[in-house]
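Worksheet: the structure to be examined is printed underneath.
Nothing in this text is a laboratory measurement; each read-out follows from the coordinates by a stated rule. Computed from a predicted structure; not experimentally measured. Glycine gets a Cβ as well: all are built from the backbone with ideal geometry, and neighbour counts include every protein chain shown.
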Amino acid sequence: MDDGAAATALTEAAKDKLKQVVAKIERLEEEKKEVGGQIKDVYSEAKSMGYDTKALRQVIRFRKTDRQEREEQEAILDTYLLALGEI
């Protein structure tokens, strides 16, 4: 195989790999869309049971955050609110 043929083969291999990567991203985006719909349905169900969905979203966000980071954020928030005379 000469250098021209090797370059063409490598280019075709790179093209195939790129197509695989794009297809995988597209599949994952579709799965993400489906999961997003399922999450929305669960929030709707929770709302129909009388739960406050804004509070639920805060709970989910709260549980994702590291405890130390959360405490630092709360301390900063308290400092700002105190400075503004809100607490």
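Annotations
- With the helix formula -39500 (n - 2.57) applied to DSSP H stretches of n ≥ 4, the chain reaches a computed 222 nm mean residue ellipticity of -30500 deg cm²/dmol.
- Entries of Lys33/Lys64; Lys32/Lys64; Lys24/Lys54 with Cα pairs more than 27 Å apart: Lys24/Lys54
- By other beta-carbon atoms within 10 Å, ranking Leu77, Leu84 with the fewest at the front produces Leu84, Leu77.
- Helix axis angle, 3-48 relative to the chain longest principal axis, alpha carbon, degrees: 30
- The stretch 11-56: translational diffusion in µm²/s, Stokes-Einstein, Kirkwood Rh over Cα pairs, 4 °C, 1.567 mPa s: 99
- A straight chain from Glu30 to Arg67 at 0.36 nm per residue would run longer than the Cα-Cα distance by 10.1 nm.
- Expressed as a fraction of 2.2 N^0.38 Å, the value expected for a compact globular protein of N residues, the C-alpha radius of gyration of the chain is 2.07.
- Among Tyr43, Tyr51, the ranking by other beta carbons within 10 Å of each residue's beta carbon, starting with the fewest, stands as Tyr51, Tyr43.
- Modelled spin labels at Thr53 and Ile39, positioned 7 Å past Cα toward Cβ, are 1.3 nm from each other.
- Against the chain, whose longest principal axis is taken from its Cα atoms, helix 53-64 shows a tilt of about 70°.
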